[in-house]
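The values are calculated or read from the model by the stated rules, or taken from the named source; none is laboratory data. Keep in mind the model is a prediction, meaning the values are calculated, not measured. Neighbour counts are summed over all protein chains in view; Cβ atoms, including those assigned to glycine, are modelled from backbone coordinates with ideal geometry.
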Amino acid sequence: MTAVAMPRERATPVDRVRERWRMGPEARGLVVVMAILLTFGLAVLYSASAFVAVQANHDSWYYVVRQFTGVLAGVVAFAIAAKLDAEKWREWAWPIMYLTIFTLVACLVLPESIAPRVNGSKRFLLGTSLQPSEFGKLGVVIWTSMLIVKKGDQLRRLTKGVLPFFVVIGLLDVLAALEPDLSVSMLYTLLLAVLLFAGGVRIAHFVIICALSIPLLWHKIQKVQYAAGRLTGFFDATKAQTQVNYQLKQSLIAVGSGGALGVGFGQGRQQYGFLPFPYSDFIASNIGEEWGFVGLAAITLAFAAYALLGFRIARRARSAFLQLVAVGLTFVTVLTAYLHIGVVVGLLPTTGLTLPFVSYGRSNIVLTMFLTGILVNIGSQKERVLGSGATDPLSTPAG
């Protein structure tokens, strides 16, 4: 009887096996939401900034072109963050925090040729191309998440658990307040609170430290005249100086005149010099005027979708560290958006926070896209695929 030779299974060469990150459904949805907000943001920015640009002897597309270069840089930053294993950020937590502190100090001590004073504040380095306080958002999220995981059960102790967080983040708060940028200082503290709460801190310890810090915070606010004026104007508009409430009043006029459907794209009047900073701090006012209640509702729902997707990514994250990072990154983007919208409709005091993906500001847009890239990586799974299908998103994992 003749033996039949069985065909030998061909081994797959090592160099034909690749590893890649496959985005989950939430990560893909996040990319779609980001793309929609960026596209809409460029359109709104043109309408809000064209007149201001012409008044400054620039082309009407000046701010849009500059913002578009920021978007291109943001795409590169997003791609890098989405491809980089997010677990590596734990190793870089302290270097990122040191860099944040160093750059914030540099803003305060370097001469104005390097750290220029813009609108009375020293918030930038190298002209207006780098804003360290924006980078600080990433530093707070990564460093706080790392330390929460590292401390473990010690987090429920006051001196060795909670106090070190307030010392380091408190230093960032002070540096940001000295620029002065009280909005970012407040945001750092809120980020810390959310992450500590998510990490399981005892509420009593947190309340005690917050209560002790309120008198110091109020003392600092009173020293910054514009901040005290904004709070006074918000709580008692009849006693506030006219210039303090001027932005808010013009913003309410814009939103009110928009009605349900708005006056039409490019037809708004507030950007013709009536509303200061219509392309950054109050760009949602332009949305309310030209796109109406429908436009503001749509942008609110878009960020609600961002929050839903981000928190779903956090729930399914690969580790406790990544869960906290995903919560922090989602919170910082969505909270900033809702604070901005709350200001332009008169629900909150004027803060100076921009609308993510929409307001003019290249540092902000690059950072926000970078943070979204980290979220996308957390919402992705690493898989091995055959070399011939390594670039095919429909290819079957090699196992």
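Miscellaneous remarks
- The stretch 317-350, residues that are outside any helix (DSSP H, G or I) and either without any contact (Cβ under 8 Å) to a residue 60 or more places away in the chain or aromatic (Phe, Trp, Tyr) (or both): 347
- Residue check for residue 69: within 18 Å of the chain's Cα centre (by Cα) and among the hydroxyl-bearing types (Ser, Thr, Tyr): no
- Unique match (being surrounded by 15 or more Cβ atoms within 10 Å (Cβ to Cβ), modelled with pLDDT under 85, outside any helix (DSSP H, G or I) and not basic (Lys, Arg)) among 248, 275, 231: 275
- Residue list for the stretch 170-188, restricted to those being touching a strand residue (DSSP E or B) at 6+ places or on another chain (Cβ under 7 Å) and more than 22 Å from residue 329 (Cα to Cα): 179, 180
- For residue 140, the test of being under 17 Å from the mean Cα position of the chain (by Cα), of a type in the set (A, V, I, L, M, F, W, C) and either closer than 27 Å to residue 47 by Cα or surrounded by 19 or more Cβ atoms within 10 Å (Cβ to Cβ) (or both) is passed.
- The residues of the stretch 278-308 that are surrounded by fewer than 20 Cβ atoms within 10 Å (Cβ to Cβ) and aliphatic (A, V, I, L, M), listed by number, are 294, 297, 298, 301, 302, 304, 305, 307, 308.
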